[in-house]
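Here is the structure we will look at, set down as structure tokens.
The values are calculated or read from the model by the stated rules, or taken from the named source; none is laboratory data. The structure presented is a predicted model; accordingly, all values stated were derived computationally and were not measured. Heads up, the Cβs are rebuilt from the backbone with ideal geometry, glycines too, and the neighbour counts pull from every protein chain shown.
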Amino acid sequence: MLLTLLQSLLQKLITVVILPTKITWVDPTTNADGSPITSGEITAYEIGVRLASGTVGVYTSTASVAPTETSELLSALTPALPLSGSFEAAVRAVTTSGASSWSVEVPFTISALPNPPNGVVVA
């Protein structure tokens with residue numbers, strides 16, 4: 001009886017945890033000098049992510065994205081992010097002339113997921 005009550009309470013405590021899964025951005029429309037960006041000028045986007053405790057502008061996990069994209073899954077970063085922690089992310093545009101400055105860093109957190117329940121019994 002007590003075990004059944006505890007199992008019932010455990011089932012009610014299980015909740016869905018929504019974690020961040022992707023980073024998105026808006027295409028720039030002008031160059032740093034104010035001139036308009038022409039079609040095809042951007043050749044890629046680079047994504048950088050670092051631990052919040054790391055050095056600003058030094059990204060330990062990165063990804064390169066096609067110039068037609070405005071988002072990327074965090075799972076595409078290499079090396080993969082740790083399973084939990086506080087992070088900062090930034091994006092920059094790449095052209096044949098070089099790369100833009102990094103965007104403003106955006107903080108996000110990945111919370112540790114709980115271990116699965118144990119002692120599950122079907123009666």
Selection within segment 75-93 - closer than 21 Å to residue 27 by Cα and out of contact with any Ser or Thr (no Cβ under 7 Å at 6 or more places or on another chain): 76, 88, 89
Cross-chain or 6+ apart pairs with Cβ under 6 Å, segment 17-31 first and surrounded by 12 or more Cβ atoms within 10 Å (Cβ to Cβ), then at pLDDT 85 or above and among the aromatic types (Phe, Trp, Tyr): 20/108
Segment 78-88, subset of a type in the set (S, T, N, Q) and under 11 Å from residue 109 (Cβ atoms), residue modelled with the lowest pLDDT: 84
Residue check, residue 75 closer than 22 Å to residue 113 by Cβ and either loosely packed, with under 12 Cβ neighbours inside 10 Å or polar (S, T, N, Q) (or both): yes
Where residue 101 falls short, out of the listed (1) exposed (fewer than 12 other Cβ atoms within 10 Å of the Cβ); (2) farther than 17 Å from residue 27 by Cβ: (2)
Test result for residue 75, modelled with pLDDT of 90 or more, touching a Lys or Arg at 6+ places or on another chain (Cβ under 8 Å) and either among the β-branched types (Val, Ile, Thr) or under 14 Å from residue 21 (Cα atoms) (or both): no
Residue in segment 51-72 that is surrounded by the most Cβ atoms within 10 Å (Cβ to Cβ), counting only those that are without any contact (Cβ under 8 Å) to a residue 40 or more places away in the chain, in contact with a Phe, Trp or Tyr (Cβ under 8 Å, 6 or more places away or on another chain) and part of a strand (DSSP E or B): 65
Number of positions in segment 78-123 that are assigned to a loop (DSSP other than H, G, I, E, B), without any contact (Cβ under 8 Å) to a residue 40 or more places away in the chain and of a type in the set (S, T, N, Q): 4
